[in-house]
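The values are calculated or read from the model by the stated rules, or taken from the named source; none is laboratory data. These numbers were taken from a predicted model, which means no experiment stands behind them. With ideal geometry, Cβ positions are generated from the backbone for all residues, glycine too; neighbour counts draw on all protein chains shown.
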Amino acid sequence: METSSVLKTTEDIQKNNNMGRRTEIATIIKDPKIGDRVTVKGWVRAFRNNRFVALNDGSAFKTLQVVIDEEVIPEDIAKRIGFHACIAATGQLVESQGAGQAVELLADKVEILGETDLSQYPMQAKKQTMEFLREKAHFRMRTNTFSAVFRIRHGVAFAINKYFNDRGYYYLHTPIITGSDAEGAGEMFRVTTFDPGKAPIAEDGTTDWKQDFFGKATNLTVSGQLQGEIGALALGKIYTFGPTFRAENSNTSRHLAEFWMIEPEVAFYDIYDDMDLAEDFVKYLINYCLEHYPDDLEFLDQRIQELEKNMKKELRRPMGLIETLRFVVENDFERITYTDAINLLRSSKPYKKGKFEYEVEWGIDLQSEHERWLVEKKFKKPVIVRDYPKDIKAFYMRMNDDNKTVAAMDVLFPGIGEVIGGSQREERIDLLKSRMAEMHIEEEELSWYLDLRKFGGAPHAGFGLGFERMILFITGMGNIRDVIPFPRTPGNAEF
Ligand code: 4AD
Ligand code: MG
């Protein structure tokens, strides 16, 4: 039998069995050895008729049915097998009598490894809201929904490393603590060892950061890009994959204060190469999940259909989850310029009827309602918008010949909006310096970044993929907080 989640070698399976400790449920489902005596360990997902336990150990989406042999299992043990209790069960694998599974375990020995306090148990078998589950970290991850999400999250992380490794990129670890603001947007968390209110004051009346731990003001990184560029102009092709932090007060279903970003940076690439890489990369990640996580995706697909059953047709997704994923990998992304996007928006129905909340004119930052119209209504597929006005983009982006736009590109996805932001970098030092001056960025602060342009600079480009936004798209979850194990958002740093 096929199972999606864990592919074991024969050697692994043997080792697993010979250790005499436990056999993983994924191993049993994949290749059920009827007649074998095994021990399984896991958490009780359901217990019916005092006899049938649905046991899950996280190794696979599916549960294993454990049938309790009433004759041999003491009653006091059977009584303690509660919802979500942790148990070990030993017995023989037999062909299942029931529908829905090929094999079941006829247990003659059951041990309670972790009791569950049924009187205080806050969760019934009935559905709980996502908000409620966010407060119950230990239960949350054991639900079908979240275990599927976090198995897929793992799979995508693995696929990211595989994609780049197979293509000769080097994984570069850029710093988490830094003295610079890569995006120049000032949305940083300060890192300091000073006591609040007791920081030393310099002669000019401001905080004397020279006396702080690093001898200067530091913050958590918002992006590894600037350091990544140094890597690219030495190793040729690099990528970063790490946590990034933004103190933007955006309480939306698309923003986190702590999120993970993947940032490839490639020497000699221009903006067109950059877009090709972005499209190929995200399609690869989606394909990887379709291939390796069919059970989890199938479940998440059903879940959405269940949720949308009672919704008005206009509010439902146009396609099922798996259908959407297939559609995205099988079709070319639409590519347009920002200027075209503005023209399309201004001739759109919602614009003419005054349905957009925000004004549409050349120079605006596209709002989510605009991005979604382009992707969901106009093109009905992912869209890459490029050549944005310089004034709404970061200082490091390469100036186009029109002197008005920069070689920037955003990849927009249905239901999500921006998943990738990238650009060709300004390699011409004079132009870079004048952009920094316009944006009030001190040259002194980024002298090391300017040095890269002074000593063997080269054209280069890269982008940043928001890891959680990608997972949000692949899993079809509705809120970015539900695709990261421990979400950090304004007012929220529990666990
Ligand atoms: O567009 P951004 O700000 O681009 C950069 O940081 C560049 N330095 C990337 C590069 O060129 N190397 O962020 C990149 C992506 C966004 O497209 C979005 O998917 C995600 O990061 N992102 C967030 N995800 C969750 N919560 C937030 N607060 C996010 N801010 C950005
Ligand atoms: Mg962006």
Being closer than 30 Å to Leu226 by Cα, in contact with a Cys (Cβ under 9 Å, 6 or more places away or on another chain) and either outside any loop (DSSP other than H, G, I, E, B) or modelled with pLDDT under 95 (or both) narrows Ala159, Ala182 down to just Ala159
- Message: Given the condition more than 20 Å from Phe486 (Cα to Cα) and outside the structural domain of Ala26 (by TED's automatic domain parsing), answer yes or no: does some residue in region 91-101 qualify?
- Response: no
Of (1) at pLDDT 95 or above; (2) assigned to a loop (DSSP other than H, G, I, E, B); (3) within 37 Å of the chain's Cα centre (by Cα), Leu55 satisfies every one except (2)
Of the conditions (1) touching a residue at least 60 places away in the same chain (Cβ under 8 Å); (2) within 14 Å of ligand 1 (Cβ to nearest atom), the single one that Leu412 does not satisfy is (1)
In this structure, does Glu263 turn out to be within 21 Å of Ala157 (Cβ to Cβ) and either surrounded by 17 or more Cβ atoms within 10 Å (Cβ to Cβ) or β-branched (Val, Ile, Thr) (or both)?
yes
Any residue at all in region 334-348 that's of a type in the set (Asp, Glu), in contact with a helix residue (DSSP H, G or I) (Cβ under 6 Å, 6 or more places away or on another chain) and within 16 Å of ligand 1 (Cβ to nearest atom)? no
Those residues of region 258-270 that are in contact with an Asp or Glu (Cβ under 8 Å, 6 or more places away or on another chain) and more than 7 Å from ligand 1 (Cβ to nearest atom) come to a total of 2
Discussion item. If I filter region 409-418 for residues that are within 13 Å of ligand 2 (Cβ to nearest atom) and either in a loop (DSSP other than H, G, I, E, B) or outside the structural domain of Asn287 (by TED's automatic domain parsing) (or both), do I get at least one hit?
Written reply: yes
Scanning region 201-246 residue by residue, those of a type in the set (D, E, K, R) and not assigned by TED's automatic domain parsing to the domain that holds Thr178 turn out to be Glu203, Asp204, Asp208, Lys210, Asp212, Lys216
Checked region 318-376 for anything hydroxyl-bearing (Ser, Thr, Tyr), surrounded by 16 or more Cβ atoms within 10 Å (Cβ to Cβ) and either more than 30 Å from the chain's Cα centre (by Cα) or closer than 23 Å to Asn287 by Cα (or both); matches are Thr324, Thr339, Ser348, Tyr351
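For region 438-494, name all the residues that are assigned to a strand (DSSP E or B), crowded, with 22+ Cβ neighbours inside 10 Å and away from ligand 2 (no atom under 16 Å from the Cβ).
Across region 438-494, the qualifying residue is only His460.
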| message | With the structure loaded, tell me whether Phe467 is out of contact with any helix residue (DSSP H, G or I) (no Cβ under 6 Å at 6 or more places or on another chain), modelled with pLDDT of 95 or more and within 13 Å of ligand 1 (Cβ to nearest atom) or whether it fails that test. | response | yes
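Please state which one of Glu131, Glu71, Glu104 is of a type in the set (Asp, Glu), at pLDDT 85 or above and part of a strand (DSSP E or B).
Details: Glu131 fails: part of a strand (DSSP E or B); Glu71 fails: part of a strand (DSSP E or B).
After ruling out the rest, the residue left standing is Glu104.
Looking at Thr178, Thr145, which is the one that is within 30 Å of Glu443 (Cβ to Cβ), surrounded by 12 or more Cβ atoms within 10 Å (Cβ to Cβ) and of a type in the set (Val, Ile, Thr)?
On the way: Thr145 fails: within 30 Å of Glu443 (Cβ to Cβ).
Exactly one residue qualifies, and that residue is Thr178.
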Residues in region 166-191 that are touching a Ser or Thr at 6+ places or on another chain (Cβ under 8 Å) and over 18 Å from Ala257 (Cα atoms) total 5
If we keep only residues of region 443-464 that are aliphatic (A, V, I, L, M) and closer than 15 Å to Gly228 by Cβ, then the residue farthest from ligand 1 (Cβ to nearest atom) is Ala458
Filtering region 19-62 for residues that are farther than 18 Å from Thr116 by Cα and in contact with a His (Cβ under 7 Å, 6 or more places away or on another chain) leaves a count of 0
Checking the structure you have, find out if any residue of region 372-386 is without any contact (Cβ under 8 Å) to a residue 12 or more places away in the chain and away from ligand 1 (no atom under 14 Å from the Cβ).
no
Exactly one of Leu285, Leu344 is part of a helix (DSSP H, G or I) and over 15 Å from Val419 (Cα atoms), and that residue is Leu344
